Amino acid sequence: MSDTRRIVVVGAGTLGLATALSLAERGVAVTVIEADHAASGSSGRSIGVVGTQHVDRFEIQMRALSVRRMLGWKQHGLDFRHIGYMRLGRTAGDLDLFEKSVAMQAEFGLRHARVLTPQEIRKLVPHISTDGIAGALFGPNDGYLDPHLYCGLLVEMIRARGGIVKQRCRLVAAGRTKTGYRLRSTAGDIDADGVVLAPGAWASQVAKLFGHELPVIAERHEAVTIKLPAPLPYVMPMVMDYVPGSGGTGLNFRHERADELIAETHRSYDTEGSDPDDYDQQLADKTKEELAELLLERLPGLPGAGFGRGWAGLYPKSPDGRPLVGPLSADEPMLVAAAGAGGYGIQLSPIIGTLAADWITAGEPVSLPEAVRLKPSRERAATSA
């Protein structure tokens, strides 16, 4: 199958590259342009979690489709480290949500999730304290990816299918033509029949070049490595102390290397968003103190552990927390957003890329019809209601 249309994808993070690969697989002539290098933005500062332990049906369905595609990429060299993902619950209501999640995951072909008792939690993570914990939702097949290696693999697969990835190619202006768009970049002008906007934390700024508003803020989040005095005798799964819509501390942590963990909090104090071109990329003392307190409470059995390298990255977030995928306006069906994944870009990138490619090639999200709810126009409708 071939498609004579020329499509430009703006952004070489996980969303842009997954979109470009999906387009290239459909025979579309696709070019990715990236202001810096692949994974240089939010993707490269992610801790790479891939998990399906959610409590919302639509969120589970999207993640199930993403994981299925990722598993197919393992034959091309994707290093998917299946260490497991554990979501802690504090109330009977949380456990009820977890049981429903297990059933929904099974419905979408994910049959290994289960609900754990506090005793089972401690068996999997001997150093953890289960004080105040009623149980957990656990997916043994979940895990994490190295975001740089993941993006590198996507670039290789795109190029293998004839796609072009131009790095150090910044978009500086854009305009409509009779047949599509003309993009002015630092590497010259590019004509396209359609454009996918996947610039991560720069989504709002890039959309303005096309005369549109895209409500994405760049929310600053921080992470830190934890150096262990000696390797643990087991692999610690990803542990998340947060239930969407319910609560928890937001603390999450997992094994990174034999003698190192990695931790962050779901919470952010950056409610107004940061400038992606000028923000503090270091771990703040306030966050370090908060993480230390939370880790001492949840992992009291790790004497001698200490903080290592810390950093900050940006979550590109939409107002309602769900991705923005689809045409920016009804009269420009070939100007499509793949943005606002809000810290879930790694795990949702395969399905977001598929859906963005659907909008370009079919004019609707045929791979997941329910994803019509992700159209950017929903935010404008909510604002005007």
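Rule-based calculations on the coordinates, nothing more; no lab input. Please read all numbers here as calculations on a predicted model, not as lab measurements. Cβ atoms come from the backbone with ideal geometry, glycine included; neighbour counts cover every protein chain shown.
What order do you get for 190-202, 37-49 when each peptide is scored by the mean count of other beta carbon atoms within 10 Å, highest first?
Numbers: 190-202: 25.7, 37-49: 22.7.
Packing order, densest peptide first, comes out as 190-202, 37-49.
Can you pull the one-decimal nm distance between simple spin-label points at R373 and Y234, each 7 Å off the Cα toward Cβ?
3.7 nm
Using each residue's phi in region 145-156, evaluate 6.51 cos²θ - 1.76 cosθ + 1.60 at θ = phi - 60° and report the 3J(HN,Hα) Karplus result to the nearest Hz, with x for Gly and Pro.
My calculation for region 145-156 gives 10, 7, x, 5, 5, 4, 5, x, 5, 4, 4, 4 Hz in order.
Among 13-19, 101-107, how do they line up from the highest to the lowest mean number of other beta-carbon atoms within 10 Å? Present the calculation step by step, with values, prior to reporting the outcome.
Values: 13-19: 32.4, 101-107: 17.6.
Packing order, densest peptide first, comes out as 13-19, 101-107.
Quick one: compute a quarter of the convex hull surface over the Cα atoms of region 244-342 and quote it in nm².
9.2 nm²
Would you grab the residues whose amide H sits under 5 Å from the one on A337? Only those 5+ places off in sequence or on another chain, please, with H modelled 1.01 Å from N.
The answer is L197, G326, L328.
Using a Cα distance threshold of under 28 Å, what count of lysine pairs results for the chain when pairs must be 8 or more residues apart or interchain?
Within the chain, the lysine pair count is 18.
Report, by chain and number, residues whose modeled amide H sits under 5 Å from the one on E260, excluding near sequence neighbours (fewer than 5 apart, same chain).
L228
For all pairs of alpha-carbon atoms in the chain, what percent lies in each bin of width 20 Å, listed from the first bin to the last filled one?
Spelled out per bin, shortest first, that is 29, 57, 14, 0.
Choose one answer from K227, K178, K74: the residue with the largest mean-square fluctuation in a GNM of the chain with alpha-carbon springs under 10 Å.
Most flexible of the set in this elastic network: K178.
Separation between the Y269 and D3 pseudo-spin-labels, each 7 Å from Cα along Cα→Cβ, expressed in nm?
For the pair Y269/D3, the computed spacing is 4.5 nm.
Distance from a point 7 Å along Cα→Cβ of K123 to each backbone N in region 90-108: keep the residues under 19 Å and list them by number.
Answer for region 90-108: 99.
In a Gaussian network model over the chain where Cα atoms closer than 10 Å are linked, find which of F98, F80, F307 has the largest mean-square fluctuation.
The residue that fluctuates most here is F307.
Which far-off residues, 5 or more places away or on another chain, put their amide H under 5 Å from the one on V32, with H placed in the peptide plane?
Long-range HN contacts for V32: V9, I164, V165, K166.
Hey, with R₀ at 45 Å, roughly what FRET efficiency would E289 and H212 work out to, going by the Cβ-Cβ distance, to 0.05? Working shown, then result.
Working: r = 41 Å, r/R0 = 0.91.
E between E289 and H212, to the nearest 0.05, is 0.65.
Give me the tail of P(r) for region 164-313 as a percent: Cα-Cα pairs with distance above 23 Å.
Numbers: 5975 of 11175 pairs.
The proportion of pairs with Cα distances above 23 Å equals 53 percent.
Out of all DSSP beta bridges with both ends in the chain, state the antiparallel percent to the nearest 5. The partial results should precede the final answer.
Values: 51 of 70 bridges.
Counting only bridges with both partners in the chain, antiparallel ones make up about 75 percent.
Output the peptides 51-63, 243-255 sorted from most to least packed, where packing is the average of other Cβ atoms within 10 Å over each peptide's residues.
Working: 51-63: 21.0, 243-255: 18.8.
Output ranking for 51-63, 243-255: 51-63, 243-255.
Between D189 and A103, what is the label-point separation in nm under the 7 Å Cα-to-beta-carbon projection?
Result for the modelled spin labels: 6.0 nm.
Largest first and to the nearest Å, give the Cα extent of region 9-65 along each principal axis.
36, 29, 12
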